[in-house]
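**Q** Can you keep this structure in mind? I'll have questions shortly.
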Amino acid sequence: MADPALEAVAKAALDEVRDGARLGLGSGRAASLFITRLGERVRQGLRVSGVPTSEASARLARAAGIALADLDEGPPLDLTVDGADEVAPGLDLVKGWGGALVRERIVAAASLRQVIVVGSEKLVTGLGARGRIPIEVIPFALAPVRRRVRELGLSMSLRRDADGAAAYRTDNGNEILDLTPAAPLDPGGARALDAALLSIPGVVDTGLFLGTAESVLVGHADGRVETLRRVAHH
């Protein structure tokens, strides 16, 4: 039996899907459960196509019978349903603990809406509270990137693969540094850090997803789903 909190948010996210929709299919436990449940609806006649954010999500979608699509010249995706590793009060996110942050970013940017599905343990008061903010780095640039990250006052570790023998490689063939800030980040601090990291040559992207989520569906152990919405700033 799946986690009742994740079952509840997967079901709530399905309510956002319309027949004929083009969807971004996220990565991680909650997003994977959503893909599985979406496949059940497809077998009942729902027509959708999906752009997966990782090879793992693509395999899962194929197994579930969901038609896969590419980011072509057509209209934007209607909706992306994805997970997150941290959700701060303003709906700023940390993503990428599963390693798919770059493709997740591209698919989110190609979508009209991004809905995030998480369990309540992912809610934090400030980003970095659960311990790591990933950045994807081109291997050739690893040494100078590490030097610059140290100058920013962050501790870091190179992510290893499952058996710990070698560096983890993303679907794009890059490596991941997991960064730990000295203290959880407020919204301004998160934006300043994101800009500083993205200015380092060789950093492909960061796991800081700031202002991208329209809403976050939070599952609780009792099966309750709480909907958090971003307040638009004018």
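**Q** Which count do you get for residues in segment 100-156 that are within 29 Å of Thr80 (Cβ to Cβ), in contact with a Ser or Thr (Cβ under 9 Å, 6 or more places away or on another chain) and assigned to a strand (DSSP E or B)?
**A** 9
**Q** May I ask you to verify whether Gly202 is out of contact with any Asp or Glu (no Cβ under 9 Å at 6 or more places or on another chain) and under 25 Å from Ala109 (Cα atoms)?
**A** yes
**Q** For segment 131-145, does any single residue satisfy the condition of being of a type outside the set (Asp, Glu), at pLDDT below 95 and surrounded by 16 or more Cβ atoms within 10 Å (Cβ to Cβ)?
**A** yes
**Q** Additional query: Which residue, of Ile35, Ile66, is in contact with a Ser or Thr (Cβ under 7 Å, 6 or more places away or on another chain), over 27 Å from Leu198 (Cβ atoms) and surrounded by 22 or more Cβ atoms within 10 Å (Cβ to Cβ)?
**A** Exactly one of Ile35, Ile66 is in contact with a Ser or Thr (Cβ under 7 Å, 6 or more places away or on another chain), over 27 Å from Leu198 (Cβ atoms) and surrounded by 22 or more Cβ atoms within 10 Å (Cβ to Cβ), namely Ile35.
**Q** Let me ask another. Just wondering, is there one or more residues in segment 170-178 that are in a helix (DSSP H, G or I) and in contact (Cβ under 8 Å) with a residue 12 or more places away in the chain?
**A** Looking for residues that are in a helix (DSSP H, G or I) and in contact (Cβ under 8 Å) with a residue 12 or more places away in the chain, one finds none in segment 170-178, hence no.
**Q** Does Ala56 count as closer than 24 Å to Asn172 by Cβ, in contact with a Gly (Cβ under 9 Å, 6 or more places away or on another chain) and surrounded by 20 or more Cβ atoms within 10 Å (Cβ to Cβ)?
**A** No: the conditions fail for Ala56.
**Q** Just a yes or no: is a residue in segment 69-86 assigned to a loop (DSSP other than H, G, I, E, B) and either in contact with a Cys (Cβ under 8 Å, 6 or more places away or on another chain) or basic (Lys, Arg) (or both)?
**A** Initially, segment 69-86 is screened for residues assigned to a loop (DSSP other than H, G, I, E, B), giving 69-76, 78, 83-85.
Checking the rest, the ones that are also either in contact with a Cys (Cβ under 8 Å, 6 or more places away or on another chain) or basic (Lys, Arg) (or both) come to none.
Checked against the condition, which is being assigned to a loop (DSSP other than H, G, I, E, B) and either in contact with a Cys (Cβ under 8 Å, 6 or more places away or on another chain) or basic (Lys, Arg) (or both), segment 69-86 yields no hits at all.
**Q** I'd like to verify a number: residues in segment 1-24 that are in contact (Cβ under 8 Å) with a residue 40 or more places away in the chain, of a type outside the set (Val, Ile, Thr) and in a loop (DSSP other than H, G, I, E, B), how many?
**A** 4
**Q** If you check Gly74, Gly50, Gly28, which single one turns out to be on the phi > 0 side of the Ramachandran plot and either of a type in the set (A, V, I, L, M) or not assigned by TED's automatic domain parsing to the domain that holds Gly189 (or both)?
**A** Gly28
**Q** Here's a follow-up. How about segment 69-119: which of its residues are surrounded by fewer than 17 Cβ atoms within 10 Å (Cβ to Cβ), touching a residue at least 12 places away in the same chain (Cβ under 8 Å) and among the acidic types (Asp, Glu)?
**A** Asp70 - this is the single residue of segment 69-119 that is surrounded by fewer than 17 Cβ atoms within 10 Å (Cβ to Cβ), touching a residue at least 12 places away in the same chain (Cβ under 8 Å) and among the acidic types (Asp, Glu).
**Q** On to the next question. Glu175 - would you say it is at pLDDT 95 or above, touching a Phe, Trp or Tyr at 6+ places or on another chain (Cβ under 8 Å) and closer than 22 Å to Pro52 by Cα?
**A** So Glu175 fits the description; yes.
**Q** Any idea how many residues of segment 185-204 are in contact with a helix residue (DSSP H, G or I) (Cβ under 9 Å, 6 or more places away or on another chain), surrounded by 16 or more Cβ atoms within 10 Å (Cβ to Cβ) and on the phi < 0 side of the Ramachandran plot?
**A** Counting residues in segment 185-204 that are in contact with a helix residue (DSSP H, G or I) (Cβ under 9 Å, 6 or more places away or on another chain), surrounded by 16 or more Cβ atoms within 10 Å (Cβ to Cβ) and on the phi < 0 side of the Ramachandran plot gives 6.
**Q** Counting only residues that are farther than 20 Å from Val117 by Cα and either part of a helix (DSSP H, G or I) or under 16 Å from the mean Cα position of the chain (by Cα) (or both), how many does segment 43-58 have?
**A** 1
**Q** What number goes with the only condition from (1) in contact (Cβ under 8 Å) with a residue 40 or more places away in the chain; (2) of a type in the set (Ser, Thr, Tyr); (3) not in a loop (DSSP other than H, G, I, E, B) that Ser27 does not pass?
**A** The number of the failed condition is (3).
The values are calculated or read from the model by the stated rules, or taken from the named source; none is laboratory data. Computed from a predicted model, the values in this text were never measured in an experiment. With ideal geometry, Cβ positions are generated from the backbone for all residues, glycine too; neighbour counts draw on all protein chains shown.
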